[in-house]
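The values are calculated or read from the model by the stated rules, or taken from the named source; none is laboratory data. Only a predicted model underlies this, so the values are computations on that prediction, with no experimental measurement involved. Virtual Cβ from ideal backbone geometry, glycine too; neighbours counted across all protein chains shown.
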């Protein structure tokens, strides 16, 4: 194969592809391109063994898909990718104190972790009086959706 006037073997092209895919994975940490890098390495090995280009391509696709399908869920679980709560999602489940009464279909104010937040009741028909301890059920936009603590 000739690229920019330089003759490269198929194995070298596959290894360059694997390196590029590995660099993309390192930059994004999305657990997607690394599996294709593995497929490119297998294709490079098959090219070194003299396999025809169609078989190299087929091995690349099959190995990449198999790695993606069988190992990604395991690695994702072990690395806990996307499992850590950050920013406002870390507030879900915490308790706060109502500073301004939450009325039906209207927002009030809740103090949580030293900050004041706009808050609404999970049951839109409910009134939650000032001074009531509440638990954050979820967040809609910048508003806490709360229920009174038992």
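Residues checked against (1) at pLDDT 95 or above; (2) in the same structural domain as residue 9 (by TED's automatic domain parsing); (3) in contact with a strand residue (DSSP E or B) (Cβ under 8 Å, 6 or more places away or on another chain); (4) closer than 22 Å to residue 10 by Cα:
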{"site": "47", "(1), (2), (3), (4)": "no, yes, no, yes"}
{"site": "55", "(1), (2), (3), (4)": "yes, yes, no, yes"}
{"site": "73", "(1), (2), (3), (4)": "no, yes, no, no"}
{"site": "124", "(1), (2), (3), (4)": "no, no, no, no"}
{"site": "132", "(1), (2), (3), (4)": "no, no, yes, no"}
{"site": "136", "(1), (2), (3), (4)": "no, no, yes, no"}
{"site": "143", "(1), (2), (3), (4)": "no, no, yes, no"}
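Those strands (runs of 3 or more DSSP E) of segment 42-150 in which at least 2 residues are in contact with a helix residue (DSSP H, G or I) (Cβ under 8 Å, 6 or more places away or on another chain) and buried (at least 16 other Cβ atoms within 10 Å of the Cβ), considering only elements entirely within it, cover 133-140. Residues in segment 25-39 that are modelled with pLDDT under 90 and part of a helix (DSSP H, G or I) were compared, and the one that is farthest from residue 76 (Cα to Cα) is 27. When restricted to residues that are under 19 Å from the mean Cα position of the chain (by Cα) and surrounded by 14 or more Cβ atoms within 10 Å (Cβ to Cβ), segment 18-41 contains 9.
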